[in-house]
Structure formats: C-alpha cells, structure tokens
1. Touching a residue at least 40 places away in the same chain (Cβ under 8 Å) and among the hydrophobic types (A, V, I, L, M, F, W, C): does that describe Leu55?
2. Collect the residues in segment 571-627 that are more than 22 Å from the chain's Cα centre (by Cα) and small (Gly, Ala, Ser), keeping them in residue-number order.
3. Looking only at residues that are hydroxyl-bearing (Ser, Thr, Tyr) and under 19 Å from Gly244 (Cβ atoms) in segment 160-219, which one is nearest to the chain's Cα centre (by Cα)?
4. Considering only residues of segment 596-627 that are charged (D, E, K, R) and closer than 22 Å to Glu473 by Cα, which is surrounded by the fewest Cβ atoms within 10 Å (Cβ to Cβ)?
5. Could you tell me which numbered condition Val427 fails, if it satisfies all but one of (1) within 23 Å of Leu336 (Cα to Cα); (2) of a type outside the set (S, T, N, Q); (3) part of a loop (DSSP other than H, G, I, E, B)?
6. If a residue has to be over 28 Å from the mean Cα position of the chain (by Cα) and buried (at least 22 other Cβ atoms within 10 Å of the Cβ) to count, how many in segment 474-491 make the cut?
7. For segment 529-554, give me the residue count where each residue is out of contact with any strand residue (DSSP E or B) (no Cβ under 9 Å at 6 or more places or on another chain) and free of Cβ contacts under 8 Å to residues at least 40 places away in the same chain.
8. With respect to the numbered conditions (1) in contact (Cβ under 8 Å) with a residue 60 or more places away in the chain; (2) surrounded by fewer than 17 Cβ atoms within 10 Å (Cβ to Cβ), which one is the sole condition not fulfilled by Asp578?
Amino acid sequence: MCGIVGAVGDLGPGQELVPSLVDGLRVLEYRGYDSAGVAVEIDGTLATCCRAGRLANLEESLAAEQLGPAASAASAGIGHTRWATHGPPTDGNAHPHMDSARRVAVVHNGIIENYAALRDELEAAGVTLVSDTDTEVLAHLVGSRLEAGEDLASAVAGTLRRARGYYAVAFISPSCPGLIVCARKGPPLALATWAADDSGRGAGAYLASDVLGLLPHGRQVVYLEDGDLALLEAGRVEVRGLDGKVRRREACTVEWEAEDAGLGDWPHYMLKEIHEQPDVLAQTTFERIREEAGDVVFEGNQWSDESLAGIERVQVIACGTALHAGIIGAYMVEELARVPVDVDFASEFRYRDPVLAPGTLALAVSQSGETADTLAALRLAQELGGRGGAICNVVGSTLVREVEEVILTHAGPEIGVASTKAFTAQVAAAFLLSLRLGRARGALAARTARELLGELRGLRPCMERLLSGGLLEEIRACAARFGESKGFLFLGRGVNYPVALEGALKLKEIAYVHAEGYPAGEMKHGPIALVEPGMTILAINSPGRVAEKVRSNIEQVKARGGEVISVGADAASHAIADAVLAVPECPELLSPLLNVVPLQLFAYEVARLKGCDIDKPRNLAKSVTVE
Ligand code: AGP
C-alpha cells in the first residue's frame, strides 16, 4: 500500500506547505517507501518533484529547488510515498502523476483494476502515457474532462465512476486554486480542517492515509467512507457521493499523541515497540478487568451476556501476525468457553466457498483495520450470516466501522513494519474475549477466571523483568552464534505452536532468512529430514500438558545434529538444549505473551547483525490494503 497526503491553506506560523507535505510523508513512509513525490499548485501552474527511493531522495531534490523558487507561495499540494504495484520504483513511476497538458495532478493508494482498458482507450485517442502505472490513466481522464469545461469535483467524480478497483486519491488543478478533491473506495483516507485561530494560524486543511499524518494539525478528524468524494479547502470540507449528493460525515476526536509515533532515542521503531509491550498489555487489559467478579467488561457494554448468547461458533479470519494471534485466540476460546473455533487465512477464506453455521461470530483480527483480504473475508462472512466482530488497533479504521462489536487494542501507533506490540495486544484481547465468552456461557467458573485474571496482571512485571534483565545479552549471543545458520525451524505445541509461526515470520520479514514455524509433533512426518548440523531449531516450551512431548522433540532433532535453542520456562528443556532463552513461568495459556518476546528480539538482533533495514524491510509495507 502507499501513503498519500494533501495540504491547503495556512499550516501555522513558520509552517510552509511543501515541508508540511514532506513531514506528512515521513510519518507515513512505513506504508511504502519505493518512491516519493509532491505536486503543488502555484499561481495557475502545477509543479511536481518525484524521486525513486527513500524520502531523503525527494528532500534532496526539493532542497535543490526542483519545484522552483515560488514553491513557498503554493496554496495547495499533494504528496505520495509509494509501495509499487504497477511498474518498478523509478522517478517516472513515482506519484504524483499529471495529464499531458498539466491540468491536474493525482496521488493514489490502491489499484485501478480496469486501467489497461482505460489506457487502451486513451492511447487510441492519441494520448501518450509516460509511466507504467495504473494511476496515470486517472490524470488523463480527469484532464480531458477539465478540458471539456467540467470543474475538478465533477471531473473526478465522472472519472471514478468509470474506474474499477479501489482507491484513496487526491487531485489538485490550477483550474480550481486552493481546492483538493479527494475520494476513497477501500484504502483509508482521513481529513482535518481548521478555522483561523488566535495562535496566528489561518484557516487550513490536511488529508492523510493515516490519522498519524494529521496529528500535528488537529485532533478533530473526518474519516471518509467508501464511495465518498470530498472537496477540501482552507477551513472547510464538503463530502459528497460520486453522484454529487452531499453526505454528512461527523468528525471524531483522535486520542493518540504525535510523540507516540516518534522514535525518541531508540535505534529502531521495532525495538521501541518491543519494549512498549508491558505498557501495551496493561493499556489493553487492566481497565477491563473486574477481578472480584472474575469477569471483564468492554466499552459500551459490548460483548455482553445478551450479545454473546447466540454465539455457538467462532470463525477467525486474519493475515500474517494477526492470524497467529488469532490462532492463539482459538485455543483460548475453546479452552475457556468450550465453543468450537475455525481459523483461516483471510486470503483463503474469501475465495473458497465457505459454509458458516448459524450463530457464528466472524472474528477479524487486524492491527490496521485496513487489510484488504481481512476486510473482504469479513464482508463475505457477514453476507453468509456471520455476526461481525473485530480485534483492532485503529479506532477509525474501516474494519472497526463495519463490525457489530469490537475490542480495541490500545497498542498506540505501530510504525515498525514487523508487528510486535500489536501482536501482544491482540493476544491479550483474545484472552479477555475468551474469558468473557466463557463466563457468559457459564463454561468458566468465576474462581478460575479470577485466578487467570490475577495471573494476567502479573505478566506485566514479568515482561518488564524480561526486557530489562540479561535477556538481551543472551539474545545477542544466540544471534551471533546461530545467525548464519542455513535455516531455522521454530517448533511449538498447543498455544505455543502459533508462537513458533510468529517467531519464524519475524525472522523472515526483517532478516530475510528462511525460517519455518511448525507444530513440534509434525516434525516426524517429514520436516525432520531437514535437520542436520547447521540447522538451528528454536523449541518453544512451557510447563504444561505438552511439555514432555516437546522435550522428546528436542531430543529427536538433537540426535540428528540439529542445534537447539530452548525458549520458554521449561527447565527440563533448557537442560538438554544447546542454548537457552528463558522466560518466567506463567499459566501455559498465557505463556505466548512472554515466549514471543525473546523471539522478537532474536529476529531483531539477527537482522541488526546482517545490517538489514529493520523498520522498512524490503518488499513489505505496514498494512496491505491491496490484494
Ligand atoms: C507482521 O509483522 C506483518 N507486518 C504482516 O504479516 C501483518 O501482520 C499483516 O499484513 C496483517 O496486518 P493487519 O494486522 O494490519 O491486518
């Protein structure tokens, strides 16, 4: 996916429009970093500056005044940071794109699925397209409508009525100075506007793909809905449908602080966010716990006995790390609530022909709430009669607005592409939901629930000790000793099987190392053939019903020359392993919350030693809003 920004009017004393666009792109760079560009409207003309590569390249060109000396007089502008979908990351494919006569500039997040047909039509009409992108066709189609005398809003609406696919787009044109026309269908788009105030800031407005980009400008945010088109001017916004009819969209207040998204003194967002996990655990759970009653309560009386009464089955749908959290949630729901749970990749669920039993809760798990596959799978599940629920980290996201009930995780903005604190928050939220469902169905005694909630509260100091103790030294030693292994197997059973999946994913996505997570009991059915000297096995084990079985698996791989790192609180596993990453003991059901921490740090250290770009790993983006 990509990040788009737009600005119009006065951004405050000493704030110029182009630097504010670049600042917005810097905050959104985690959404895609293949290229970046800006376009501004200055005295009846458009000026653009686009560069392949990181934002720093664009800043270098802007410093060389590529927008021209009058850039500081710009009254409206748009910007883009790209995750390439059509065409390689080159200067020519970087957004913004313009039509041939430079009547309009556009930035786009999403995919225009019928762009080839539109491109053929334009070329047949004699238009020369200069890029490989799908987006450029939008510029030419809007430009031709402007040429025919339409205003910008009408030209954009008419063009988008012909486009198939999904988009968050923003257009500027010298024909409509001081106006940005933006629209959304799929990927997110949020707006902030402000009137002149006594701080000396005149009226203005800002748009961004992610509310993080708006925080420096204001907290009253309007989230566009699918099918919305907005006219953004200094101090005002008008929302319409593509049919031109006005739509009402209420602003909501954003709680996040801009500094939450700052790096501070940390070397990487990922390390900062790993260390935020104790607080995130508390922020997501503590205020919802009613220990005396042995229960939990959620905002707005959501997930009440009444709303859960009809739930007979749960279908979890998610992607990536969120799916791993969802699998852990499935174990928790079945153990505490005795309700059957199915789990599926959202990208699989949406294209198979699923059957949902009556009384199914379709539980989508997502940090961003904008993942295209997860949204599509949820919508399909709802069409099939499922009750939509979500565990999500972004209050104004599409997912949150499309479900009947949500558990918001309070992880704060997660900038590192590799998800860490959001995973912890998702697992904790799933535990709360499992306990709530168990209590609502009478499957879980108050006393048992009370004990578990006490143990949950106790995890925060355990996690803090884990992160402040000698673990990091042990991690560094393991990364140095095993980091160059020919391959990695992560093994776990029960709730620690998805932890093995998560540990492997972390290593893959930031260190570019081949790693597989596997159910430990499955090793003997094939994968054990991979085990030989030079293969490193991370065995995740905690005291509990399968601990002895995992110890046997450790012996099996050691007998074949594999080197084993024992991760967890099982002392007997540590005793037979080649290296140990120990965590404090806690109930097995909660152990993923501690066991994942050394795996996150191991991936981080291996990637650091390899000199990888930890926060912006190659080929990835933070939230995949395209298929
Ligand atoms: C996790 O480290 C990855 N960044 C990726 O797998 C991610 O979890 C997945 O794309 C789902 O994103 P979401 O939670 O925002 O839906």
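The values are calculated or read from the model by the stated rules, or taken from the named source; none is laboratory data. Note that the structure is predicted; figures quoted are calculated from it, not measured. Methodologically, a virtual Cβ is constructed for each residue, glycine included, from the backbone with ideal geometry; neighbour enumeration extends over all protein chains shown.
1. no
2. Result: Ala571, Ala572, Ser573, Ala575, Ala577, Ala579, Ala582, Ser591, Gly611.
3. Among those that are hydroxyl-bearing (Ser, Thr, Tyr) and under 19 Å from Gly244 (Cβ atoms), it is Tyr167.
4. Per the stated criteria, the residue is Asp613.
5. (3)
6. 1
7. Total meeting the criteria: 4.
8. (1)
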